[in-house]
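Step one of this worksheet: look at the structure below.
Taken together, the values in this text are just the output of simple stated rules run on the coordinates, not laboratory data. Since the model is a prediction, treat every value here as computed from it, not as a measurement. Positions of Cβ are generated from backbone atoms using ideal geometry, with glycine treated the same way; all protein chains shown enter the neighbour counts.
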Amino acid sequence: MKKTSLYDFVSIGSLSYDRNQYDKIVNNKLVPGGAVAYSAKTSINLGLQTGIITSIHKDYPLEKNLGKVDILTRNKSEIPIFHNFFSGQIRQQKLFDFSTRIKKKDLPESVFSKILFVAPLFDEIPTDCSDWIDHKISCLVPSGWFREKNKNGNIYLKNNIRKIHDGKWDIIVISKDELKSTNVKISTLKKKSSYLCITKGHDGVQIISGNENFTVPAFEIGHKDLNGAGDVWAASFTIAISQGKNSLESAYFANACSAISIKYDGLNFNLRNSEIYRLLDTI
């Protein structure tokens with residue numbers, strides 16, 4: 001009998017670097033990131049046995065940022081650099097090179113994870129990836145399936161809703177700006193998952209599930225780096241749901257985790273229960 005690798009949380013997606021400009025302040029430092037990294041860091045901080053399915057390069061500081069993570073694939077690629085231009089909470093992006101491809105054949109033969117978290121950065125993951133690993137609950141952050149780029153490297157969003165198969169996902173997390181830019185209809189997305197979560201920056205998050213439709217306000221907190229906020233939110237919401245919290249409790253919990261994460265550059269955040277529940281106690 002083949003040995004099965006058991007995890008609480010497995011995240012699939014490409015690692016990346018971010019180079020950020022806030023308003024007119026340019027920071028040329030490369031900040032390690034990627035949705036797979038932000039979600040895995042969240043999972044590790046919250047005490048879960050965590051694995052990632054990704055492509056790696058020897059120069060990416062994975063051990064420094066995600067020391068307790070298991071890498072389930074060892075395929076190699078250059079790490080893409082996202083150039084992010086922020087005006088307030090509005091982000092525009094450029095991407096010049098992207099070579100990552102993540103395929104089922106690269107996975108170990110037998111893996112089970114309580115949570116499967118899928119977060120493509122730029123169409124590097126096939127749309128059937130929800131079938132790759134046995135799991136109990138799944139979350140999709142579909143941003144990378146909507147991203148396209150022109151010859152100048154400017155990223156724009158396209159309505160690629162066909163890539164999100166009906167009935168394959170328990171939770172889908174998408175931003176208000178992505179909905180607006182892609183013209184994806186909420187009524188269409190509602191059919192794709194049990195929980196549809198629409199993040200709205202400082203306006204909080206809208207949760208749509210069955211007959212529920214409510215908005216949970218964000219915590220007012222100063223930010224240093226907005227990259228990864230949605231990924232931290234999605235991972236912590238999914239973890240809370242998997243642990244038996246209801247949708248309202250899970251949304252507040254995720255809001256607190258996301259608020260803490262943006263006080264730091266990139267993956268330098270740490271989610272501690274004392275700080276999370278100190279924020280929750282202010283509700």
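Given R₀ = 25 Å, what would the calculated FRET efficiency be for Arg19 paired with Lys76, taking r from the Cβ atoms and rounding to 0.05? Don't skip to the end; give the middle numbers.
Working: r = 22 Å, r/R0 = 0.88.
For Arg19 and Lys76, the calculated efficiency is 0.70.
Enumerate the aspartates and glutamates that Lys104 could reach by cross-link, defined here as Cα to Cα under 14 Å, with residues fewer than 8 away along the same chain left out.
Lys104 reaches Glu124, Asp128, Asp131, Asp134.
Which stretch or stretches of region 168-200 have amide N atoms under 20 Å from the point lying 7 Å from Asp131's Cα along the Cα→Cβ direction?
Under cut-off, by backbone N: 168-171, 192-194.
Note the full-extension length gain between Asn183 and Lys58 as 0.36 nm times their separation in residues minus their Cα-Cα distance, in nm to one decimal.
That works out to 41.1 nm of additional length.
List, in the order given, every pair from Lys76/Lys151; Lys185/Lys224; Lys41/Lys185 whose Cα-Cα distance in the structure shown is over 29 Å.
Lys185/Lys224; Lys41/Lys185
How large is the charge dipole for region 5-280, taken about the Cα centre, if only the Cβ atoms of Lys, Arg (+1) and Asp, Glu (-1) carry charge, to the nearest 20 debye?
On the way: 36 positive and 28 negative charges, 97 e Å.
Dipole of region 5-280, to the nearest 20 debye: 460 debye.
Treating the beta-carbon of each Lys and Arg as +1 and of each Asp and Glu as -1, no other charges, what is the dipole magnitude of region 1-98 about its Cα centre, to the nearest 20 debye?
Details: 13 positive and 8 negative charges, 23 e Å.
Dipole magnitude for region 1-98 comes out near 120 debye.
Nearest-5 percent of antiparallel DSSP beta bridges in region 5-280?
On the way: 25 of 59 bridges.
Percent antiparallel among DSSP bridges in region 5-280 is about 40.
Need one number: % antiparallel among DSSP beta bridges in region 16-72, to the nearest 5.
Roughly 75 percent of the beta bridges in region 16-72 run antiparallel, per DSSP.
Could you give the length gained by full extension between Asp97 and Phe219, i.e. 0.36 nm per residue of separation minus their alpha carbon distance, to one decimal place?
40.3 nm
Quick one: give the max-minus-min coordinate of the C-alpha atoms of region 205-248 along each principal axis, largest first, in Å.
36, 20, 13
I'd like the distance between the alpha-carbon centres of region 207-282 and region 95-111, rounded to an integer number of Å.
Value for the Cα centre distance between the two parts: 28 Å.
Between Lys68 and Glu109, what is the label-point separation in nm under the 7 Å Cα-to-beta-carbon projection?
3.1
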